[in-house]
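What follows is one structure encoded as structure tokens, with my remarks underneath.
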Amino acid sequence: MNDEPDGQRSSCAIFVARSRLCSEHDVAAATGVEAAHEEDSDDECNPSAAEAARIKSVKRTQLVLAIVTLTTMILVLLVCIPCYFFIGKKNIPGENLASGIEANNETLKNEEETIIFINNTAHNIEEWIETTTSVAQHQTTTTTATTTQIMIPTNIISTAFTAFEQVPHDTTSYTQGLSYGDDGYLYETTGLRGKSKLNKIDPNTFELITSIDLDDIYFGEGSTYYTDREGNGRLIFITYQEQTAFIYDPITLTKLQTLSYTTTPPQSEGWGITFDSIEREFIVSDGTSSLFFLDCDTLQEKRKIVVTRFDGHEQDYLNELELMGGLICCNIWYEDEIICVDKVTGRSVREYDLSRLYPKEERGYHNILNGIALGKDHVMITGKKWDRMYKVRFDDWGGLFTGK
């Protein structure tokens, strides 16, 4: 039997009802649901506990959102980065992925403190992607004619060159061959029937010292300076389709000898030529992927090699040649590229893209790069009917001029 007065029972009932009401309000706040009686009960329930529960719920929601967002971004990166390296940068550019992250940052920037943290994290990831992309893109930036580049890894075509001086060149010269002599002079041979010449050029002023013409029946091609078995300086000048080579005295440009040679039949053309002083043999190109090694006295073929690029494919249109650092460096006809290959295997060891040296848009499409001459502290490079020559250093080839 309950002997409590009716007033006490009523007070207890009111207290219990209020307690239940407060509990219901706390549950509604913790779940983020606005109860219809919330406004009436705020004064009767504990406001501090309700607000704390609401804040805790909001932060828990934000934390879940942050974890989901960050996890999604990491999964995207784990998919996209391998695709970039194995499928190719042209299919999935790093800058496009970075732009997507940046757009995501823009969407999230108006969120609360946790979302701002995610944005900052995304920004850091974006910077990492840009750095990784930069490394993938040859691990070097694109050069201008006067910009030095960093070293590059093996088997990637290099833009690492510095053109540190520009000098004048005769625009009437259809350059086919270019070489420095042991006497310090620069020797150039030009082509076209009726216009083929052998020029001797002052290395300081780059003015023409003397010149001789080939007979009109000959189309002049490459040339090189060399020393014969008696130690005399000599010049050899080959021709396009006549299988004929001329030997000259470099002092007077007097013709001393005429020889015949063959390359790939049936044309047996001559394009470029250089001299290997160690093996005492000439190396000749004929516009194919083959290089021919000829006896320096008779021009009889000793052997030949096939030139291959980094990716393994055979490279034809081998043109002007220069032996540099023990490698045969070949200009590719109608390309602003020089590849340097092993004398025994023919495999490419170094490859250079010189397209920014003197862009085709400025010089004319048919005025192609054609002329490589190794000097004491530079490589002289010019082209057909160019108005200039460049003194160039390859920045990733440190031992080129020291013999190391």
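The values are calculated or read from the model by the stated rules, or taken from the named source; none is laboratory data. Please read all numbers here as calculations on a predicted model, not as lab measurements. Every residue, glycine as well, gets a Cβ built from its backbone with ideal geometry; the counts of neighbours run over all protein chains shown. Surface accessibility is based on the protein's heavy atoms, side chains included, excluding ligands, DNA and RNA. Shrake-Rupley method; radii C 1.70, N 1.55, O 1.52, S 1.80 Å.
Quick look at the values:
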quantity	calculated
Fraction of accessible area attributable to carbon and sulfur, segment 290-404 (%, probe 1.4 Å)	45 percent
Local electrostatic count at residue 168 - Lys and Arg +1, Asp and Glu -1, tallied over other residues with Cβ under 10 Å	-2
Relative contact order (%) - criterion: Cα under 8 Å, at least six apart; region: segment 225-274	31 percent
Hz values of 3J(HN,Hα) by residue in segment 257-273 - Karplus curve (6.51, -1.76, 1.60), Gly and Pro given as x	7, 10, 10, 10, 8, 9, 10, 6, x, x, 5, 6, 7, x, 10, x, 8
Gained length - residue 298 relative to residue 204, 0.36 nm times residue gap less alpha-carbon distance	30.3 nm
Solvent exposure ordering (accessible area, 1.4 Å, most first) of 165, 242	165, 242
Within segment 205-224: backbone nitrogen closer than 18 Å to the residue 259 label point (7 Å, Cα to C-beta)	221-224
Residue-wise HN-Hα coupling along segment 360-369, computed from phi with Karplus coefficients 6.51, -1.76, 1.60 (Hz; x: Gly, Pro)	4, 4, 8, 9, x, 4, 7, 8, 7, 4
Chain lengthening between residue 335 and residue 216 when straightened (0.36 nm per residue, less Cα-Cα)	40.0 nm
Inter-probe distance in nm under a simple model that places probes 7 Å from Cα toward Cβ, at residue 156 and residue 172	4.6 nm
Pairwise FRET efficiency - residue 75 versus residue 366, Cβ, R0 = 35 Å, nearest 0.05	0.10
Gyration tensor verdict on segment 218-302 (Cα atoms; rounded if a/c is under 1.5, prolate if a/b is larger than b/c, oblate otherwise)	oblate
Average accessible area per residue (Å²) across segment 207-336 - probe 1.4 Å, nucleic acids and ligands excluded	42 Å²
Subset of 195/360; 197/360; 200/360; 304/391; 304/385; 200/391 violating a 29 Å alpha-carbon distance limit	304/391; 304/385
Sites residue 280 and residue 311, calculated FRET efficiency, Cβ-Cβ separation with R0 45 Å, nearest 0.05	0.85
Amide H contacts under 5 Å for residue 296, placed H, 5+ residues apart	282
Relative packing of peptides 362-375, 317-330, 188-201, 300-313 - highest average C-beta neighbours within 10 Å first	317-330, 188-201, 362-375, 300-313
